[in-house]
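The values are calculated or read from the model by the stated rules, or taken from the named source; none is laboratory data. These numbers were taken from a predicted model, which means no experiment stands behind them. Cβ coordinates were reconstructed from backbone atoms using ideal geometry, including for glycine residues, and neighbour counts include every protein chain displayed. Note: accessible area is taken over every heavy atom of the protein model, side chains too, but ligands, DNA and RNA are not part of it. Shrake-Rupley method; radii C 1.70, N 1.55, O 1.52, S 1.80 Å.
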Amino acid sequence: RLTSLDISSTRCTNVSVQQLASSSCSQWLETVRLSFLSGLTETCMVNLIHHCPRLRSIHVFGCSSLRNLNRLKAANPKLSVEGDFEVGKSLIT
């Protein structure tokens, strides 16, 4: 069973992450590293979080298009979101 996946710094897109969310392996994922995927949207991330019930940690360093960390945390309050921003704060001022 796939419990950890690192696709950081690849050419993966929202479509790739959506396919991951809808695949059978999403049921077992606990850690996903998506750092430096510049085009990821919050909607895509929330969909991934909703489809991965065991997900406990995501890494989104360098994902400059993600602006509202609170939206990700609201999708799963137990989720640890690691990135180059302050945890628990919205990046929108």
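Residues that are out of contact with any Ser or Thr (no Cβ under 6 Å at 6 or more places or on another chain), within 18 Å of Leu69 (Cα to Cα), open to solvent by less than 60 Å² (accessible area, probe 1.4 Å) and assigned to a loop (DSSP other than H, G, I, E, B) do not occur anywhere in segment 9-22.
Do we have any residue at all in segment 47-64 that's buried (at least 20 other Cβ atoms within 10 Å of the Cβ), small (Gly, Ala, Ser) and not in a loop (DSSP other than H, G, I, E, B)? Quick ask: steps written out before the conclusion?
First, the residues of segment 47-64 that are buried (at least 20 other Cβ atoms within 10 Å of the Cβ): 48-49, 52, 55, 58, 60, 63.
Right, trim to small (Gly, Ala, Ser) and you get none.
The answer is no, given that none of the residues of segment 47-64 is buried (at least 20 other Cβ atoms within 10 Å of the Cβ), small (Gly, Ala, Ser) and not in a loop (DSSP other than H, G, I, E, B).
Scanning segment 46-69 turns up at least one residue that is within 13 Å of Ala21 (Cα to Cα), of a type in the set (Lys, Arg) and more than 9 Å from the chain's Cα centre (by Cα).
Could you list, in sequence order, the residues of segment 23-42 that are touching a residue at least 24 places away in the same chain (Cβ under 8 Å), open to solvent by 10 Å² or more (accessible area, probe 1.4 Å) and farther than 14 Å from Ser8 by Cβ? Matches in segment 23-42: Cys25, Gln27, Trp28, Glu30, Thr41, Glu42. Scanning segment 7-43 for residues that are touching a helix residue (DSSP H, G or I) at 6+ places or on another chain (Cβ under 7 Å) and farther than 15 Å from Val81 by Cα returns Asn14, Val17, Gln18, Leu20, Ala21, Ser22, Ser26, Gly39.
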